[in-house]
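Asks: One structure is given below, represented as structure tokens, and several questions about it will come after.
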Ligand SMILES: NC(=O)c1ccc[n+]([C@@H]2O[C@H](COP(=O)([O-])OP(=O)(O)OC[C@H]3O[C@@H](n4cnc5c(N)ncnc54)[C@H](OP(=O)(O)O)[C@@H]3O)[C@@H](O)[C@H]2O)c1
């Protein structure tokens, strides 16, 4: 079946940076219209100018929006649907993490994370999927994380949000079976983006170099999986192997291993006063 990206209207959240910006760059030559959503308008305008030179037939809508605000999402959708009529592909990519032991984390940041990583993703999907089902075509790319399939200390709420996304995607694939609407859950390991800067690594995770891939590669493998109608993709060879091995190992083993790591992290965090 042809990919709904080709000749379609595609809305990408978190298009101002990292994986979302690369997805926009790779989708631009194929789509009819691109809706770029994030808070940093100037970054989105830069991307629009880049596309104006390369893809003269592409319509680009820059839509600044804080997705933690549901009323702002309503306004965004009203504007976009008023302008384009339909959205064929929704890329729920915007998200952030917080690298801190749970009891030391700031509630305000956790609250915003839950509202962005879970509420905005689910709300946008709920608003846009019915018309896709009616048209018997379209699709959703939900950018989750390898943490949607695993866990580690120092990341509890972020990991909880990504487990939600994975569970949601798996069940949604079943809900939408036979409708012509596809869903792909993207589960990357470390990707070179602004993610760690935003997560503020208070507990200092080890260097992810062996597993780390570029945002360009992550976007490329994610889009290829969506085109192929795959329900889940783990971009990057090392992460694919690691996630396979992790799935073969009982969770109890990791709870005990990571429990020891958690004790060390807490001790170091206390020593550094964070
Ligand atoms: N990088 C990694 O190692 C990694 C690994 C696994 C999964 N992921 C997932 O990949 C996705 C993209 O992250 P990234 O690595 O590309 O990080 P990034 O470079 O920090 O990009 C995050 C994007 O989300 C947008 N965003 C953040 N808060 C927002 C808000 N309240 N409203 C609207 N947009 C908002 C940001 O735009 P503005 O700041 O302009 O609003 C930015 O465009 C996330 O869901 C993340 O959880 C990343």
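Where a number appears in this text, it was derived from the coordinates with a stated rule and is not lab data. Predicted model, so just to flag it, every value in this text is computed and none were measured. As a convention, Cβ positions derive from the backbone with ideal geometry for all residues, glycine included, and neighbour counts pool all protein chains shown.
Asks: What is the distance in Å between the Cα centres of region 96-165 and region 201-274?
Replies: Going from one Cα centre to the other spans 16 Å.
Asks: With n ≥ 4 as the cut-off for DSSP H runs, can you work out [θ] at 222 nm for the chain, using -39500 (n - 2.57) per run divided by the number of residues, rounded to the nearest 500?
Replies: -15500 deg cm²/dmol
Asks: Tell me the label-point distance for the pair residue 134, residue 220, using the 7 Å Cα-to-Cβ offset, in nm and rounded to one decimal.
Replies: Label-label distance for residue 134 and residue 220, simple model: 3.9 nm.
Asks: Tell me the angle of helix 251-272 to the major Cα principal axis of the chain, expressed in degrees between 0 and 90 and rounded to the nearest ten.
Replies: Compared with the principal axis, the helix lies near 80 degrees.
Asks: Okay, moving on. What is the extension gain from residue 104 to residue 253, computed as 0.36 nm multiplied by their sequence separation minus the C-alpha to C-alpha distance, in nm to one decimal?
Replies: 51.1 nm
Asks: Additional query: Helix 18-27 versus the longest principal axis of the chain: what is the Cα-based angle in degrees, 0 to 90, to the nearest 10?
Replies: It is inclined by approximately 30 degrees.
Asks: Let me ask another. Roughly how tilted is helix 41-54, in degrees to the nearest 10 and between 0 and 90, from the longest Cα axis of the chain?
Replies: Helix 41-54 sits roughly 50 degrees off the main axis of the chain.
Asks: Provide the packing ranking of 244-256, 49-61, 178-190, i.e. peptides ordered by the mean count of other C-beta atoms within 10 Å per residue, highest first.
Replies: Descending packing order for the listed peptides: 178-190, 49-61, 244-256.
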